[in-house]
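To start, the structure itself, in structure tokens.
The values are calculated or read from the model by the stated rules, or taken from the named source; none is laboratory data. Since this is a predicted model, take the numbers as computed values, not measurements. Because the Cβ atoms are built from the backbone with ideal geometry, glycine has one as well, and the counts that use them run over all protein chains shown.
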Amino acid sequence: MQEKFSRILIGNVLKSIRVEKNIPMKKIASALKVSESTVSQIETGKNLATKEKINEICHVCGCSFDYKTDRKKMVDLVLYIYAQYTNLSTDEMNSAIEEVKNNSFISCSYARFEYYLILYMDGIINQNNEDVQLFKRILEIGKSSFSNKELSIYYDIKALEKMYLNDSIKALECLNQSRLYDNEFLMNHYHYCSIYLNLGYYILAQKYIRKSIEIAIKEVSFERLCYLLLNQGVLYLNTEQYVEA
């Protein structure tokens, strides 16, 4: 099972590099002196690429593969950055993001998709002028290698992107996908309550505010709790419950 996962992961990494560099499969096949079908089997994980093949493919793509990056540490970093975003710990979050951005060699490693998930988070959360469409194209190729928590984070950030675009329907679709993988992330429920509060669906908003407050207290996320209490106050005002507000 682990070997199959490794084949799929490295295949996805190599495919996403080729796609990003806009290099046709035919060119890779010609350089390796193999058929396009063989290259396709490597990219889909049907065949395991040897270290020699990995190096050759990356050479054609104008990069070199980094075997030293610890993917598990990068997965942990994704979770850490998301946790800092949840807790409104902006300085800590951005410090970790900058550390990743200053080590671009990670983009050509087993942790390639964690690297781009962090860039995507940065682009949306911080509203930077980043090529988020490129990040999403790369992540769509590699999301099959993500853990459930990473998938939940990915779809929650996609929901946030749609919220910024005032596309509530798409945002809710992304949140529903996020919940399929992890239903205990505070920000997922927080985003639900924000959307429903904005749309005037106060019963639904109340449901998610309560769930969010429950998680925030459990996680001792007091900064985010303050915003949740403000949302509760707005809901009471909009439903003419002035004493409660």
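Do we have any residue at all in segment 151-163 that's aromatic (Phe, Trp, Tyr), out of contact with any His (no Cβ under 7 Å at 6 or more places or on another chain) and over 21 Å from SER89 (Cβ atoms)? Yes - at least one qualifying residue is present in segment 151-163. Filtering segment 132-167 to residues that are closer than 20 Å to LEU14 by Cα, free of Cβ contacts under 8 Å to residues at least 40 places away in the same chain and assigned to a loop (DSSP other than H, G, I, E, B) leaves only PHE146. Only one of the listed residues (GLU244, GLU184, GLU240) is on the phi > 0 side of the Ramachandran plot, surrounded by fewer than 16 Cβ atoms within 10 Å (Cβ to Cβ) and either in contact (Cβ under 8 Å) with a residue 24 or more places away in the chain or not in a helix (DSSP H, G or I) (or both). That residue is GLU240. Scanning segment 167-187 for residues that are polar (S, T, N, Q) and either within 13 Å of the chain's Cα centre (by Cα) or at pLDDT 95 or above (or both) yields SER168, ASN176, GLN177, SER178. Going by the structure shown, is VAL19 of a type in the set (Val, Ile, Thr), surrounded by fewer than 21 Cβ atoms within 10 Å (Cβ to Cβ), within 17 Å of GLY142 (Cα to Cα) and touching a Lys or Arg at 6+ places or on another chain (Cβ under 9 Å)? Against the criterion (of a type in the set (Val, Ile, Thr), surrounded by fewer than 21 Cβ atoms within 10 Å (Cβ to Cβ), within 17 Å of GLY142 (Cα to Cα) and touching a Lys or Arg at 6+ places or on another chain (Cβ under 9 Å)), VAL19 qualifies.
With the condition kept exactly as written, say whether any residue in segment 140-154 is more than 13 Å from the chain's Cα centre (by Cα) and either assigned by TED's automatic domain parsing to the domain that holds CYS226 or at pLDDT 95 or above (or both).
Looking for residues that are more than 13 Å from the chain's Cα centre (by Cα) and either assigned by TED's automatic domain parsing to the domain that holds CYS226 or at pLDDT 95 or above (or both), one finds none in segment 140-154, hence no.
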